[in-house]
1. Just report the Cα centroid separation between region A:35-64 and region B:12-65, whole Å.
2. If you take the beta carbon distance between B:A96 and A:K109 as r and set R0 to 25 Å, what does 1/(1 + (r/R0)^6) give as a FRET efficiency, to the nearest 0.05?
3. Can you compute the label reach from A:L7? Point 7 Å from Cα along the Cβ direction, backbone N cut-off under 14 Å, restricted to region A:32-46.
4. Of A:K49/A:K101; A:K49/A:K78; A:K49/A:K106; A:K49/A:K109; A:K101/B:K80; A:K69/A:K109, which ones are farther than 21 Å apart at the Cα?
5. Give the average, rounded to an integer, of partner chain Cβ atoms located within 10 angstrom of each Cβ in B:103-114.
6. How big is chain B in terms of Cα radius of gyration and Dmax, in angstroms?
7. Which residue fluctuates the most in chain B, going by a Gaussian network model with Cα springs under 10 Å, if the choices are B:G16, B:G54, B:G27?
8. Note down the net charge around A:Y89, summing +1 for each Lys or Arg and -1 for each Asp or Glu among other residues with Cβ under 12 Å from its Cβ.
Amino acid sequence: AQSVTQLDSQVPVFEEAPVELRCNYSSSVSVYLFWYVQYPNQGLQLLLKYLSGSTLVKGINGFEAEFNKSQTSFHLRKPSVHISDTAEYFCAVRSVGGSEKLVFGKGTKLTVNP
Amino acid sequence: SQTIHQWPATLVQPVGSPLSLECTVEGTSNPNLYWYRQAAGRGLQLLFYSVGIGQISSEVPQNLSASRPQDRQFILSSKKLLLSDSGFYLCAWSRAGGMYNEQFFGPGTRLTVL
């Protein structure tokens, strides 16, 4: 079985500052990894995904994430955030070749202040 | 392109009343379908999962049930709502048998049980 830990429940930052949202996972098999964003009272939207190949993955809205197998991490980064990035971010994992269900972390609420 | 619909968008129901939430997907065939509940501070909890018509897997024992009467229709029901059923309910779909199965989410239903 897989599990996901998002180490920070809330991250406040100032506009134009860099941000890193941390995600660690646990799995005995190879995994696919995902980051989703949820704006208030909306569904989840896929930001980016890691399937295989290059460990640095670029997504929408200027976000990127790096897969680190040895540290079982998939941290999300953005070099300069905007007010509009204020949202909740979810990391998710599923096993390669196994169940098609995703396992989600509990989310990190990013608040960008002016 | 594919779209996913959920209704109603918001719902206020008294304790003990029945519930029916509907989700439909357009633009794809034989999708996997999912119901999640999102309670404050608890992330996403997978409630039900379906790989085909009439095939429902329950992830969490509770007073909710799900049905899939048509290929692209997924219904979440309850005979008697509890206060603890309040939350944000999300429907999602993914392509069956795909190698990575990212999930696509609907806009959600905000349920308040009073």
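Any read-out appearing in this document is the output of simple, stated calculations on the displayed coordinates, not a laboratory observation. Fair warning: this is a prediction, and the values are worked out from it, not measured in the lab. Glycine also receives a Cβ, built like all others from the backbone with ideal geometry; neighbour counts cover every protein chain displayed.
1. Region A:35-64 and region B:12-65 have Cα centres spaced 23 Å from each other.
2. According to the calculation, E is roughly 0.15.
3. Within reach of a label on A:L7, which here means backbone N under 14 Å from a point 7 Å along Cα→Cβ, region A:32-46 contributes nothing.
4. A:K101/B:K80; A:K69/A:K109
5. On the way: counts 10, 4, 7, 3, 3, 5, 0, 1, 0, 0, 0, 0.
The shielding value for this peptide is 3.
6. For chain B, the Cα-based Rg and Dmax read 13.5, 43 Å.
7. B:G27
8. Counting the neighbours of A:Y89, the net charge comes to +1.
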